[in-house]
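Heads up, the thing below is written out as structure tokens.
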Amino acid sequence: MEVAVLKYPAVRNYVAGQFVEDAGARTLEVFCPLTGAVISTVPLSGGAALDQAVQAAQAAFPAWSATPIKERVQIFYRYKVLLERDMQALAELVREENGKTLDEARAEVEKAVELTEFACSMPQLIQGEFLEVSKGVEARVERKPLGVVASIAPFNFPNMVPHWTIPNALVLGNCMILKPSEVVPLSAGRIAELLKEAGLPDGVLNIVHGDREIVEAICDHPGIEAVSFVGSTRIAKVVYRRATSNLKRCVALGGAKNHLMVLPDAHPDMTASNVAASMSGCAGQRCMAGSTMVGVGQVDHIVQKLVEEARKIVPGQSLGSVISREAKERIEGYITEAEQAGARVLLDGRNAVVPGQEDGYYVGPTVVDYVTPDMRIAQEEVFGPVLAILRTNTLDEALAIENANPYGNAAAVFTQSGSMARYVMDHASAGMIGVNIGVPVPREPFSFGGWNESKFGACDITGKSSIEFWTQLKKTTTKWNPESRVNWMS
């Protein structure tokens, strides 16, 4: 009997600068969502593998943290060049393991480049403070790394989300354990290889693969000082509670239900193209997807153009696959349930098939109108290329719907009225707001992070706000002249 040869070698952990086997670990098949084919296997490691990674990081920390930050960033300058050099190959890898279109995968790697560029600016951002606070007495404040930290990444951005944490945390002097999603483990290994090529010392970045067991071990491990997490709200809550109960810092990003409020005066073409792109980009598998449109007043002319724009989005061409067969079935279930409850399906993406990729996990662009707030499709994160349209008479009614949802990642308004835009900016309960923009992701140096049940913990995960998360303050007070009069400070 012939053993099938997989496209990629079995995934291995990365510890102390080397890829290592975890012989005792269970394994999981890695599927290509585009075709449904098995392309690799990944170990589901446990506590013993994590111990090895933490020990390697602890051994590397003294020398790495003592390296001047001006020298640490030189590695990331070189790394940025390597990302650009290998842009196409990295994008193709993302596409194969995640199912994105090649353009979307390339955009993801381009964002990784931007995140790396920001990390290279850290020497200008973390300059210490100094002041003569009393006669002959000087005070100094410096930022110091925490030690060994961990980053738990999701399936939907296998290259970008690790770069939300790796460049900043490492440039600031920490050593890291990365736990990629077991569904998309391939990109992480290539990131490690490129960082080593750029000159990153062994042990500064370590990768341990696994599922729930390794996540729990990370939250519990006494050698890990801080944990970042990106994933569903349900798991974000678990991770945050478990990590903080073990006295670790934690920032955990969860899901979203982003509302795009469309007013009658909105520019029809711009609104239609933006809303369609927001709901379908990355097959709707992103926490910034505009999955809910709230039409305020008479917006039928915009809805009509929206459907026309959405029809141009073709599975297998301009629309990638969803991550798994189970995800496809779950997404299509939301559509069917809403239709049975009285909603009107204007564009139906169920049962999408791509010629030549009949076993791929595709859902076509879907627009469902006359959804009511009590329907599950209006309340829960669908995480697919599906737009639910709700109808209201006033902007206050639309904002009431937005405010009532438990999430708070993003909200947007489409209008030509500055006063209406300002009203939404002031009253929407979300951490990231868009005006005539369907995916209001802040660019560096502005940080990414939501409100409410979209984020747990202090600070954001990227941008300037992340500096506070990945460092701690050391305050030093000095006195050298004995002639100074004695006061309460001495």
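The values are calculated or read from the model by the stated rules, or taken from the named source; none is laboratory data. Remember, predicted model here, so these are calculated numbers, not experimental data. Cβ coordinates were reconstructed from backbone atoms using ideal geometry, including for glycine residues, and neighbour counts include every protein chain displayed.
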> Assuming Pro162 fulfils every condition listed in (1) within 12 Å of the chain's Cα centre (by Cα); (2) closer than 17 Å to Thr67 by Cβ apart from one, which condition is it?
Replying inline: (2)
> Considering Val113, Val94, Val81, which residue is crowded, with 23+ Cβ neighbours inside 10 Å and either over 22 Å from Tyr14 (Cβ atoms) or among the β-branched types (Val, Ile, Thr) (or both)?
Replying inline: Val94
> Restricting the search to the stretch 202-237, which residues are over 23 Å from Thr471 (Cα atoms) and aromatic (Phe, Trp, Tyr)?
Replying inline: none
>> Against the definition (in the same structural domain as Val113 (by TED's automatic domain parsing) and more than 30 Å from Gly360 (Cβ to Cβ)), how does Arg78 come out, yes or no?
In response: yes
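Give Val149, Val230, Val184 a once-over and let me know the one that is touching a Pro at 6+ places or on another chain (Cβ under 6 Å), more than 19 Å from Thr27 (Cα to Cα), crowded, with 24+ Cβ neighbours inside 10 Å and in contact (Cβ under 8 Å) with a residue 60 or more places away in the chain.
Val230
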> Which of the residues belonging to the stretch 272-290 are of a type in the set (Ser, Thr, Tyr) and surrounded by fewer than 24 Cβ atoms within 10 Å (Cβ to Cβ)?
Replying inline: Ser273
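What do you reckon, is Gly450 surrounded by 15 or more Cβ atoms within 10 Å (Cβ to Cβ), assigned to a loop (DSSP other than H, G, I, E, B) and on the phi > 0 side of the Ramachandran plot? Reasoning before the result, please.
On the way: surrounded by 15 or more Cβ atoms within 10 Å (Cβ to Cβ): yes; assigned to a loop (DSSP other than H, G, I, E, B): yes; on the phi > 0 side of the Ramachandran plot: no.
Judged against the criteria, Gly450 is not a match.
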>> With in a helix (DSSP H, G or I) and either aromatic (Phe, Trp, Tyr) or without any contact (Cβ under 8 Å) to a residue 24 or more places away in the chain (or both) as the only criterion, which of Phe130, Phe76 stands out?
In response: Phe76
> Within the group Val30, Val15, which residue is closer than 30 Å to Lys328 by Cα, crowded, with 16+ Cβ neighbours inside 10 Å and in contact with a strand residue (DSSP E or B) (Cβ under 8 Å, 6 or more places away or on another chain)?
Replying inline: Val30
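Would you mind stating whether Ala59 is more than 17 Å from Lys144 (Cα to Cα), in a helix (DSSP H, G or I), without any contact (Cβ under 8 Å) to a residue 60 or more places away in the chain and hydrophobic (A, V, I, L, M, F, W, C)?
Working: more than 17 Å from Lys144 (Cα to Cα): yes; in a helix (DSSP H, G or I): yes; without any contact (Cβ under 8 Å) to a residue 60 or more places away in the chain: no; hydrophobic (A, V, I, L, M, F, W, C): yes.
When the stated conditions are applied, Ala59 does not pass them.
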>> Whether any residue in the stretch 48-58 is within 30 Å of Gly320 (Cβ to Cβ) and touching a strand residue (DSSP E or B) at 6+ places or on another chain (Cβ under 9 Å) is what I want to check.
In response: no
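With respect to Leu172, is the statement that it is surrounded by 23 or more Cβ atoms within 10 Å (Cβ to Cβ) and within 24 Å of Leu247 (Cα to Cα) true?
Details: surrounded by 23 or more Cβ atoms within 10 Å (Cβ to Cβ): yes; within 24 Å of Leu247 (Cα to Cα): yes.
Yes: the conditions hold for Leu172.
Restricting the search to the stretch 453-465, which residues are among the polar types (S, T, N, Q) and either outside the structural domain of Cys250 (by TED's automatic domain parsing) or surrounded by 21 or more Cβ atoms within 10 Å (Cβ to Cβ) (or both)? Don't jump to the end; show me each part of the working.
Initial filter on the stretch 453-465 (among the polar types (S, T, N, Q)): 454, 462, 465.
Answer for the stretch 453-465, where residues must be among the polar types (S, T, N, Q) and either outside the structural domain of Cys250 (by TED's automatic domain parsing) or surrounded by 21 or more Cβ atoms within 10 Å (Cβ to Cβ) (or both): Ser454, Thr462.
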>> Return the residues of the stretch 11-56 that are more than 25 Å from the chain's Cα centre (by Cα), outside any loop (DSSP other than H, G, I, E, B) and among the acidic types (Asp, Glu); say none if nothing qualifies.
In response: Asp51
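Kindly evaluate Ser484 against the criterion of being at pLDDT below 95, of a type outside the set (Val, Ile, Thr), closer than 14 Å to Arg143 by Cα and surrounded by 13 or more Cβ atoms within 10 Å (Cβ to Cβ). If you could, list the steps in order and put the result at the bottom.
On the way: at pLDDT below 95: yes; of a type outside the set (Val, Ile, Thr): yes; closer than 14 Å to Arg143 by Cα: no; surrounded by 13 or more Cβ atoms within 10 Å (Cβ to Cβ): yes.
Against the criterion (at pLDDT below 95, of a type outside the set (Val, Ile, Thr), closer than 14 Å to Arg143 by Cα and surrounded by 13 or more Cβ atoms within 10 Å (Cβ to Cβ)), Ser484 does not qualify.
Only one of Asn405, Asn481 is outside the structural domain of His163 (by TED's automatic domain parsing) and in contact with a His (Cβ under 8 Å, 6 or more places away or on another chain). Can you tell me which?
Numbers: Asn481 fails: in contact with a His (Cβ under 8 Å, 6 or more places away or on another chain).
Only one candidate qualifies: Asn405.
When only residues in the stretch 216-250 that are of a type in the set (Val, Ile, Thr) and closer than 22 Å to Val184 by Cα count, which is nearest to the chain's Cα centre (by Cα)?
The first filter runs over the stretch 216-250 and keeps only residues of a type in the set (Val, Ile, Thr), leaving 218, 224, 227, 230, 233, 235, 238-239, 244.
Retained after the next criterion (residues that are closer than 22 Å to Val184 by Cα): 218, 227, 230, 233, 235, 238-239.
Working: Ile218: 19, Val227: 14, Val230: 6, Thr233: 13, Ile235: 14, Val238: 18, Val239: 15 Å.
Filtering first and then ranking leaves Val230.
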>> So Arg311 ticks every box in (1) without any contact (Cβ under 8 Å) to a residue 40 or more places away in the chain; (2) touching a Leu at 6+ places or on another chain (Cβ under 8 Å); (3) surrounded by fewer than 18 Cβ atoms within 10 Å (Cβ to Cβ) but one. Which box is left unticked?
In response: (1)
> Restricting the search to the stretch 33-56, which residues are of a type in the set (A, V, I, L, M, F, W, C) and either touching a residue at least 40 places away in the same chain (Cβ under 8 Å) or crowded, with 19+ Cβ neighbours inside 10 Å (or both)?
Replying inline: Leu34, Ala37, Ile39, Val42, Leu44, Ala49, Leu50, Ala53, Val54, Ala56
>> When you scan the stretch 48-59, do you find a residue that is on the phi < 0 side of the Ramachandran plot, at pLDDT 95 or above and touching a Ser or Thr at 6+ places or on another chain (Cβ under 7 Å), even just one?
In response: no
